[in-house]
Amino acid sequence: DGGITQSPKYLFRKEGQNVTLSCEQNLNHDAMYWYRQDPGQGLRLIYYSQIVNDFQKGDIAEGYSVSREKKESFPLTVTSAQKNPTAFYLCASNGGVWQPQHFGDGTRLSIL
Amino acid sequence: SQQGEEDPQALSIQEGENATMNCSYKTSINNLQWYRQNSGRGLVHLILIRSNEREKHSGRLRVTLDTSKKSSSLLITASRAADTASYFCATDPTGNQFYFGTGTSLTVIP
């Protein structure tokens, strides 16, 4: 079955630590996205990538970094510069302009 | 920035009743999409309506779009307990960047 796999499902970060969230897709989609969702809120765009080796900042990129070395993979690193990282992180992809997005099941990040 | 705003924020109905939620957006669009999110899960695409369409149906879902008012509505008919979820509208004005609303939390009471 084609889809998006996010791991881990739950992640805990210590103060001053960087953590990396994994996102893998087998849909052969060029575009991939990372969103942050806070309780009772909508989705806010962190980063997106339209093609391998290229990515753009979204509305809330500060304190985050990404890479896109392979079409299938778009990992997100939450750095120690992100002072309020507790949230639900969603990865998505879509297969072309004006097409719907496909989502993974998210990673919930908490602070220890 | 979030482009869409859903109304109401929360809705509670009895099983079998219809549920209507509304979405307003700010700029011109190519299409508008509705998604569902079950608690603790990712979003699932429900329906896409293009800017030149006024109404679209998919099973028990009916979506309308009024581009002059920059608004859309999602109607779920004959609701079921399994419809309990949050519903989001999303717009994609540039073709490569999506903006989601704040969502409507729907509770269907058996």
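The values are calculated or read from the model by the stated rules, or taken from the named source; none is laboratory data. All of these numbers come straight from a predicted model, not from anything done at the bench. Note that we place each Cβ from the backbone using ideal geometry, even for glycine, and neighbour counts take in every protein chain shown. These area figures cover heavy atoms from the full protein model, side chains too; ligands, DNA and RNA do not enter into them. Shrake-Rupley method; radii C 1.70, N 1.55, O 1.52, S 1.80 Å.
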Residue by residue through B:98-106, how many Cβ atoms from other chains fall within 10 Å of the Cβ on average?
4
Which of the lysines could a cross-linker bridge to B:Lys26, judged by Cα under 20 Å and excluding same-chain residues fewer than eight apart?
B:Lys69, B:Lys70
Filtering trypsin sites (Lys or Arg not before Pro) in the stretch A:8-38 by DSSP loop and by at most 16 other Cβ atoms within 10 Å leaves A:Lys9, A:Lys14
Among A:Gln82, A:Ser49, A:Ile4, whose Cα lies farthest out toward the positive end of the dipole of chain A, if unit charges sit on the beta carbon of Lys, Arg (+1) and Asp, Glu (-1)?
A:Gln82
Under the Karplus curve 6.51 cos²θ - 1.76 cosθ + 1.60, θ = phi - 60°, whole-Hz ³J(HN,Hα) for the stretch A:41-51, x wherever Gly or Pro sits:
10, x, 9, 10, 7, 9, 9, 9, 9, 8, 7
Taking only protein heavy atoms into account and a 1.4 Å probe, give the accessible area per residue of the stretch A:1-64 in Å².
54
Other protein chain Cβ atoms within 10 Å, averaged over every residue that makes up B:38-45:
6
Could you tell me the center-to-center distance, by alpha carbons, between the stretch A:43-68 and the stretch A:15-36 in angstrom?
9
Please check: in the Gaussian network model of chain B (C-alpha springs, under 10 Å), which one of B:Thr20, B:Thr84, B:Thr94 has the largest mean-square fluctuation.
B:Thr94
Rounded, prolate or oblate: pick one for the stretch B:28-110, where a ≥ b ≥ c are the square roots of the eigenvalues of its C-alpha gyration tensor, a/c under 1.5 means rounded, and failing that, prolate if a/b is larger than b/c, else oblate.
oblate
Sites matching trypsin sites (Lys or Arg not before Pro) across the stretch A:42-112 that sit in DSSP coil, with at most 11 neighbouring C-beta atoms within 10 Å:
A:Lys83
Rounded to the nearest 100 Å², what's the accessible area chains A and B bury against each other, both chains counted, probe 1.4 Å?
2000
Using the Karplus equation 6.51 cos²θ - 1.76 cosθ + 1.60 (θ = phi - 60°), what ³J(HN,Hα) coupling, rounded to whole Hz, does each residue of the stretch A:55-63 give in order, writing x for Gly and Pro?
7, 10, 6, x, 6, 9, 6, 4, x
Within straight cross-link reach of A:Lys57, meaning Cα distance under 20 Å, which aspartates and glutamates are found once same-chain residues fewer than 8 apart are removed?
A:Glu24, A:Asp30, A:Asp38, A:Glu69, A:Glu72, B:Asp92
For the protein assembly as shown, what is the per residue volume of the convex hull drawn over the alpha-carbon atoms, in cubic angstrom?
119
Could you give the length gained on full extension between B:Arg50 and B:Thr67, defined as 0.36 nm per residue of separation minus the Cα-Cα distance, in nm?
5.1 nm
